[in-house]
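Reading through the structure tokens given below for one structure.
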Amino acid sequence: MTVVVTVVNELRQHDSSGKWLGANLFVPDTSARASLTELDLAALEGIDMLADVCRRPEARLDHKTHLVRTGLARRVPPAGLARLASHSEDWGGIEHGELKPLRVLSTRYVDDFDFYENRVAAQLVDRLDEHLRKRLRELALLAAGIADLEEYDRALGNRQSWRKHERTARLIATAVEDRTASTAAIRESADTFTKLRTRLRILFGSTVMRQANRRIRLPLRLVRTNLFVNERRYRKVGELWETWAVHETATADRRREDDAGFFSAYNTYVALLTIRALIILGYALDGDTPLPGVDVPVRLHRNGEVLVCTIDRAGCLTISVEGKALTRVVPLCHNLTAPVPDNTRRKWIDQICSVENAIIVYPGVRDERRQLTPEVWSVLHSSQRGIVPISPVEIEGEERLARALRWPLQAARYVSGYPVVLLSQVKLPDADWYRVGARGKVEILRRPDDAEFAALTTANKSDPPRMRGDNELRHFIDQLDEADRRLAVLNTCPLCPNGRAVMTARPDDTFVCRCDSCSTTWGLNPCGNCHERYPFLWPRNAVVDTEHGDRLDMTAGADLLAEPCAAPSDHPVPRFRCCWCDHCADAPNCGCTPRPGHTFAPPGRSGGDPPKQRR
């Protein structure tokens, strides 16, 4: 939470898109965050005195009364005689008119360690232990982020799409300038905190920790008693307590400020990451644009298509084309992978899965996702479902969000926009660029070439007295121009906006395209199980690991739609698993197994509504 607010506050200082687009969205100042704070240094300096106080504390003399046999009693208080008179079971008998007691109350003097100064020392051990636990947790998150960077760096030497290779290299160069120094600082601080916490944990068996009250609430302001003023060891413990109190107060104030500003900061962070994800998909900003915000529309263009991104006051970002909303990016400010009861998480999942035509973004980290069951993990980290975790400690957030945006911006158009259905009464020559439907409908499978277009004109040529056929032909040609514009979205390369391809129509209303520039292949495949069509995208030289969502982010990034088969393939384009029923044509021989939570309802057919992202 603090990291998000820090990153956004730094971004708000940039007034032009040229600056905030190239800014670092990863954890800033990793070395500085790993350095020792004033409290850390004070704990290192005062641990010896604190340990000495816990093991050899000052004591006060106290008296306690115990019921003992008469021969063992040393001092009998007046209350002991009164009790003896009312408890005849403690009488030994009466001899010669005198009472002979069997058991009496005896006063015994003992050392008392449960007083204010020792309570401060005991509770200081508890508070320092909690502080070190949080610091080690913070360093673990930073180290995981650096490890991700190093894994991405090593992945640059593996076979992969050259476009993803460039994006990854640029992202690594921007994220951390000196990973070696950051890694060394994190490791050194973690070792220091681990040793210090070990010394603190040893004190849990000491006299003070066992006998002083550690639950009673103590004020943050230290009371200046004689021990804290005149006794050297306790004076050092008092100074360490005051240092902790100052740190705790500052931390609480900062946490309140972060809590107050996190909602707005995370909305801005997600909006900025969405714009950068759209740029990964090939869109470009129209001129110099300020930082995205409420009532500040952002325009992007790609091959003549203009996207308009608007943010409402709730932080939801709507992406529209020609006034029609394609999808929404909805930021949630609570972590869906946080440790909560299963029924609570199930209610969260049911609520977000009921939202249609939206991409749900929430702050989550990898360590928490690994604690989930595979079924819940597959739901809460799914680009196709439109539920993705985004945080500054995970460098692959841009690629992850870009892959989620590719589904409504491209995949949904592939399914709903092919084939293009026209109404016409013209005479059509025998050709494979169309298919005649019922009631005068014509399904356009691809754009006719010049020879096919000339054959269409010849077939509908009429004598001069008859103008009706010419009017119908002109109307049909106008419809073909509109169909060509709609097909241009399908046969334009999803990875390189300038690349074009020849669309090859296939049976079952499917098609395949291959870019003549980057050799990327995309299109629609038929599923033999659910008999629906599903979109696929495959860059040249791609090597994809489909074990889980994090591995997809690492190996495929944004350049993927349907997941490939798990079996290795020698073909340029492998087999794919159906997006809707998770079926693989060669299962189970290929090694693909049904994954829990990966069954989706099939989308609408051609001409209907685009498929919903969560089913």
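For a label point 7 Å from the Cα of A438 along Cα→C-beta, name the residues of the stretch 498-536 whose backbone N is under 13 Å from it.
none
Among all the aspartates and glutamates, which ones have a C-alpha under 16 Å from K64's C-alpha, if same-chain residues fewer than 8 places away are not counted?
D111, D112, D114
Setting aside same-chain residues fewer than 8 positions from K461, which lysines have a Cα under 18 Å from its Cα?
K427
At 10 °C and a viscosity of 1.306 mPa s, what translational diffusion coefficient does Stokes-Einstein give for the stretch 364-415, taking Rh as the Kirkwood radius over Cα pairs? Give it in µm²/s as a whole number.
Numbers: Rh = 11.8 Å.
Taking Rh from Cα pairs, D becomes 135 µm²/s.
Please give the charge dipole size of the stretch 231-302, origin at the Cα centre, charges +1 on K and R Cβ atoms and -1 on D and E Cβ atoms. Round to the nearest 20 debye. Kindly include the intermediate steps, with their values, before the conclusion.
Working: 10 positive and 11 negative charges, 64 e Å.
So the dipole magnitude of the stretch 231-302 works out to roughly 300 debye.
Starting from the residue with the highest accessible area, list H66, H96, H475 in decreasing order, probe 1.4 Å.
Values: H66 65, H96 180, H475 105 Å².
Most to least solvent-accessible, the answer reads H96, H475, H66.
What angle do you read, to the nearest 10 degrees and between 0 and 90, between the alpha-carbon axis of helix 162-175 and the longest principal axis of the chain?
It works out to around 30 degrees.
Distance from the Cα centre of the stretch 404-440 to that of the stretch 39-105, in angstrom?
95 Å
How far apart, in nanometres, would the label points at A184 and V296 be if each is projected 7 angstrom from Cα along the Cα-to-Cβ direction?
Using points 7 Å along Cα→Cβ, the separation is 3.9 nm.
Note the angle between two axes, namely the Cα long axis of helix 38-55 and the longest principal axis of the Cα atoms of the chain, as a number of degrees from 0 to 90, rounded to the nearest 10.
The helix 38-55 is inclined about 30 degrees to the chain.
Roughly what would the spin-label model give for R74 and N230, points 7 Å off Cα along C-beta, in nm?
Roughly 2.6 nm, to one decimal.
Ignoring ligands, DNA and RNA, what percent of the 1.4 Å accessible area of the chain is carbon and sulfur? Provide the component values of the computation, followed by the final result.
Details: 15410 of 30540 Å².
Of all accessible area on the chain, carbon and sulfur atoms account for 50 percent.
Sum up the charges of everything whose Cβ sits under 15 Å from the Cβ of L307, counting Lys and Arg as +1 and Asp and Glu as -1, but leave L307 out. All intermediate terms of the calculation are to be shown ahead of the outcome.
On the way: positive: R276, R299, R302, K324, R328, R406, R413; negative: D286, E305, E322.
That sum, taken over residues with Cβ under 15 Å, equals +4.
Would you mind getting the Kirkwood hydrodynamic radius of the stretch 255-321 from its Cα pairs, rounded to one decimal in Å?
On the way: mean 1/r = 0.0794 Å⁻¹.
Computed over the stretch 255-321, the radius equals 12.6 Å.
Under a cut-off of 18 Å between alpha-carbon atoms, report the aspartates and glutamates in cross-link reach of K195, not counting same-chain residues fewer than 8 places apart.
Within the straight-line limit of under 18 Å, K195 reaches these aspartates and glutamates: E38, D40, E45, D48, D52, D126, D129, E130, E138.
Report the percentage of all Cα-Cα pairs in the chain whose separation exceeds 34 Å, rounded to a whole percent. All intermediate terms of the calculation are to be shown ahead of the outcome.
Numbers: 109295 of 188805 pairs.
Here the tail beyond 34 Å accounts for 58 percent of pairs.
Quick one: if the Förster radius is 30 Å, what FRET efficiency do S35 and E10 give, using the C-beta to C-beta distance and rounding to 0.05?
E between S35 and E10, to the nearest 0.05, is 0.95.
Starting from the Cα coordinates of the stretch 502-585, work out the convex hull volume and express it per residue in Å³.
Values: hull volume 8.0 nm³, N = 84.
Value for the stretch 502-585: 95 Å³ per residue.
Please work out the Cα center distance from the stretch 316-339 to the stretch 485-542, rounded to the nearest Å.
Centre-to-centre distance over Cα atoms comes out at 27 Å.
So how do D288, D450 rank on accessible area, 1.4 Å probe, biggest first, that is with the largest at the start? Walk me through the numbers on the way to the answer.
Details: D288 110, D450 135 Å².
Largest accessible area first, the residues go D450, D288.
May I ask you to derive the FRET efficiency for R210 and F263 from their Cβ-Cβ distance with R0 = 45 Å, giving the value to the nearest 0.05? Working shown, then result.
On the way: r = 45 Å, r/R0 = 1.00.
Efficiency, rounded to the nearest 0.05: 0.50.
For the Cα atoms of the chain, what angle does the longest principal axis make with the long axis of helix 2-11, in degrees from 0 to 90, nearest 10?
50 degrees
From the P(r) of the stretch 201-306, can you give the percent of Cα pairs sitting at distances over 22 Å?
Numbers: 3416 of 5565 pairs.
Considering the stretch 201-306, 61 percent of its Cα-Cα pairs are separated by more than 22 Å.
Going by average Cβ neighbours within 10 Å, how do the peptides 434-445, 377-388, 361-372 rank, with the highest at the top? Present the calculation step by step, with values, prior to reporting the outcome.
Numbers: 434-445: 15.0, 377-388: 22.9, 361-372: 18.7.
Order by mean packing, descending: 377-388, 361-372, 434-445.
Could you put R474, R446 in order of accessible surface area, largest first, with the 1.4 Å probe and the full protein assembly present?
Numbers: R474 125, R446 45 Å².
My answer, sorted largest first, is R474, R446.
The values are calculated or read from the model by the stated rules, or taken from the named source; none is laboratory data. The structure displayed is predicted, hence computed values, not measured ones. Note: ideal-geometry Cβ built from the backbone for every residue, glycine included; neighbour counts use all protein chains shown. The protein model used for the area step is the full one, side chains on, heavy atoms only, and it has no ligands, DNA or RNA in it. Shrake-Rupley method; radii C 1.70, N 1.55, O 1.52, S 1.80 Å.
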